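A short write-up of the structure that comes next.
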Amino acid sequence: MSTVQQVSSEAFSNIAFVKYWGKYGRQYPCNPSISMPIPQCKSFCSMEFELDDSNHGIESFEFEGSENTEFKNRINNYLESISDVYPLSNKLRLKIKTSNNFPHSAGIASSASAFAAIAKCLVQIEEIVVGKIENLNDRASMLARLASGSACRSISESEFTIWGKTKFDIGSNEFTQDVQLSDQTKDKLGWPLLDTILVVSSETKKVSSSQGHALMNTHLYKDARIEQAHENMRVIYSAIQNADLKTFGEIIENEALSLHALMMTSYPSFCLLHPNSLKIIELVKEFREQTGTNLYFTIDAGPNIHLIYPNIEKKIINEFITTNLLSLSESIIWGEPSEQ
Ligand code: DP6
């Protein structure tokens with residue numbers, strides 16, 4: 001009889017500044033991406049495990065305190081799909097509990113942080129059962145990638161995270177690479193950067209990210225998009241090193257609008273933006289021009305707007321958000337610095 005043991009982990013959600021859009025093979029990205037953690041959006045996972053070859057799989061899966069069969073089946077399929085790279089899949093009997101500290105229904109994707117927390121637990125179990133793993137984060141981000149591409153960037157808690165091979169000798173398609181900033185660069189940037197999320201609509205999306213990625217395979221602009229993402233990576237990486245927030249902001253807005261332009265020009269086409277998303281974009285641009293503040297936006301595959309700005313400018317920007325943007329959104333998740 002093997003004994004029951006337990007591991008637990010947590011992971012932040014992340015927001016991409018150069019977007020991963022399009023994939024090939026085994027969850028490899030068509031282009032490199034860069035993100036930062038969203039410290040106010042966290043997922044938690046705990047796993048009770050025992051070795052049991054004859055009865056392996058998930059015994060129970062609790063999400064926010066209730067049994068969830070949909071998630072249980074999804075994670076069971078995931079474990080089966082990675083059994084060649086994670087052979088323990090065929091040996092473990094698991095009881096899994098997960099939860100988020102942000103509302104599941106708010107229209108904020110929790111898959112990145114949830115899968116990252118799950119992958120972190122799997123790697124901890126591997127270390128207990130098989131022995132020391134040289135690079136835990138590489139291993140966890142590779143396993144998270146196989147669940148959901150953007151989840152691999154949620155393993156890291158460093159200032160920025162790169163996933164995908166760039167043209168300047170940084171990054172790998174297999175796992176992520178951290179970008180750490182010096183104290184001097186952080187000071188110049190007004191660090192930390194905050195991400196305040198305007199939940200414009202929490203309705204379920206008409207087209208999933210996976211379907212969107214697939215439409216890139218035959219997209220007329222595929223080659224141009226890959227070229228653009230490489231160039232944006234080069235420029236944003238150097239803007240970060242030089243603490244050049246203006247260039248950083250130009251790139252993140254260009255990426256957000258390019259992502260949605262790609263959706264609108266796919267066959268079949270789709271549009272995930274809401275009329276209020278566009279109103280918010282216009283108001284943000286106007287405010288920036290009038291005040292000279294560093295308030296920028298980015299958008300994932302949905303209508304919600306992520307407002308990105310340095311903590312040192314938060315007083316005037318938060319006032320603007322409260323007065324002008326709150327009425328255009330269903331709810332808001334205020335940006336907060338990480339507690340660490
Ligand atoms: C627009 O990681 O959700 O948020 O790999 O199919 O699970 P799968 O896709 P997913 O795609 C995220 C796309 C994005 C951009 C990004 O986060 O880089």
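The numbers here are math on the coordinates, done by the rules we state, and not lab data. Every value quoted in this text rests on a predicted model; they were computed, and no experiment measured them. Neighbour counts are summed over all protein chains in view; Cβ atoms, including those assigned to glycine, are modelled from backbone coordinates with ideal geometry.
Mind checking the dipole of the chain: about its Cα centre, +1 per Lys or Arg Cβ, -1 per Asp or Glu Cβ, Debye to the nearest 20?
Roughly 600 debye for the chain.
Provide the gained length on full extension for the span GLN184 to ASN135, in nm with one decimal, where the gain is 0.36 nm per separating residue minus the Cα-Cα distance.
Result for the pair: 14.8 nm of gain on full extension.
Please name whichever of HIS56, ALA114, LEU88 sits farthest to the positive end of the charge dipole of region 26-137, dipole taken about the Cα centre and charges placed at Cβ: Lys and Arg +1, Asp and Glu -1.
My answer, from the dipole projection, is ALA114.
Compare TYR28, TYR237, TYR86 in a GNM of the chain, Cα atoms joined below 10 Å, and give the one with the largest fluctuation.
Among TYR28, TYR237, TYR86, the largest mean-square fluctuation in the Gaussian network model of the chain belongs to TYR86.
Give me the percent relative contact order of region 261-340, please, defined on Cα pairs under 8 angstrom at least 6 residues apart.
Relative contact order, region 261-340: 23 percent.
Please check: in the Gaussian network model of the chain (C-alpha springs, under 10 Å), which one of PHE61, PHE175, PHE287 has the largest mean-square fluctuation.
PHE287
Got a sec? Charge dipole of the chain, +1 on Cβ for Lys and Arg, -1 for Asp and Glu; which of PRO192, GLY302, ILE125 is way out at the positive end?
So the residue furthest toward the plus end is GLY302.
Any chance you could check the Cα centroid distance between region 267-340 and region 33-87 for me, in angstrom?
Going from one Cα centre to the other spans 32 Å.
Taking the Cα centre of region 129-212 as origin, sum charge times position over the Cβ atoms of Lys and Arg (+1) and Asp and Glu (-1), and report the length of that vector in debye to the nearest 20. Show your work: numbers first, answer last.
Details: 10 positive and 11 negative charges, 73 e Å.
So the dipole magnitude of region 129-212 works out to roughly 340 debye.
So if I place +1 on the C-beta of Lys and Arg and -1 on the C-beta of Asp and Glu, and nothing else carries charge, what would the dipole magnitude of region 65-169 be about its Cα centre? I want it in debye, nearest 20.
About 180 debye.
Report relative contact order for the chain in percent, whole number only (criteria: Cα-Cα under 8 Å, sequence separation at least 6).
Values: 658 pairs, mean separation 68.9, N = 340.
Once normalised by length, the contact order is 20 percent.
Taking a cut-off of 16 Å between Cα atoms, list the lysines near LYS285, but don't count ones fewer than 8 places away on the same chain.
LYS246
What is the sum of charges, Lys and Arg at +1 and Asp and Glu at -1, for the other residues whose Cβ falls under 12 Å from the Cβ of GLU157?
Residues close to GLU157 contribute a combined charge of -1.
Comparing LYS42, LYS314, LYS19, which has the greatest mean-square fluctuation in the GNM of the chain with Cα pairs linked when under 10 Å apart?
Ranking LYS42, LYS314, LYS19 by mean-square fluctuation puts LYS314 first.
Using modelled amide H (1.01 Å from N, peptide plane; none on Pro or chain starts), what sits under 5 Å from the amide H of VAL18, excluding residues fewer than 5 places away?
ILE34
Please compute the contact order of region 12-60 in relative form: average sequence separation of alpha-carbon pairs under 8 Å and at least six residues apart, divided by the residue count, as a percent.
Contact order relative to length: 37 percent.
With r defined as the distance between the Cβ atoms of GLN241 and GLU319 and R0 fixed at 41 Å, what FRET efficiency is calculated, to the nearest 0.05?
After rounding to 0.05, the efficiency reads 0.85.
Compute the helix-to-body angle for 275-291: its Cα long axis versus the longest principal axis of the chain, expressed 0 to 90° and rounded to tens.
Compared with the principal axis, the helix lies near 60 degrees.
In straight Cα distance, which aspartates and glutamates are under 14 Å from LYS42, not counting same-chain residues fewer than 8 positions off?
Once the sequence-local aspartates and glutamates are set aside, what remains near LYS42 is GLU10, GLU64, GLU157, ASP195, GLU336, GLU339.
For PHE287, what is the net charge nearby, where nearby means another residue's Cβ is under 12 Å from its Cβ and Lys, Arg count +1, Asp, Glu -1?
Values: positive: LYS285, ARG288; negative: GLU282, GLU286, GLU289, GLU313, GLU319.
Cβ neighbours under 12 Å give a net charge of -3.
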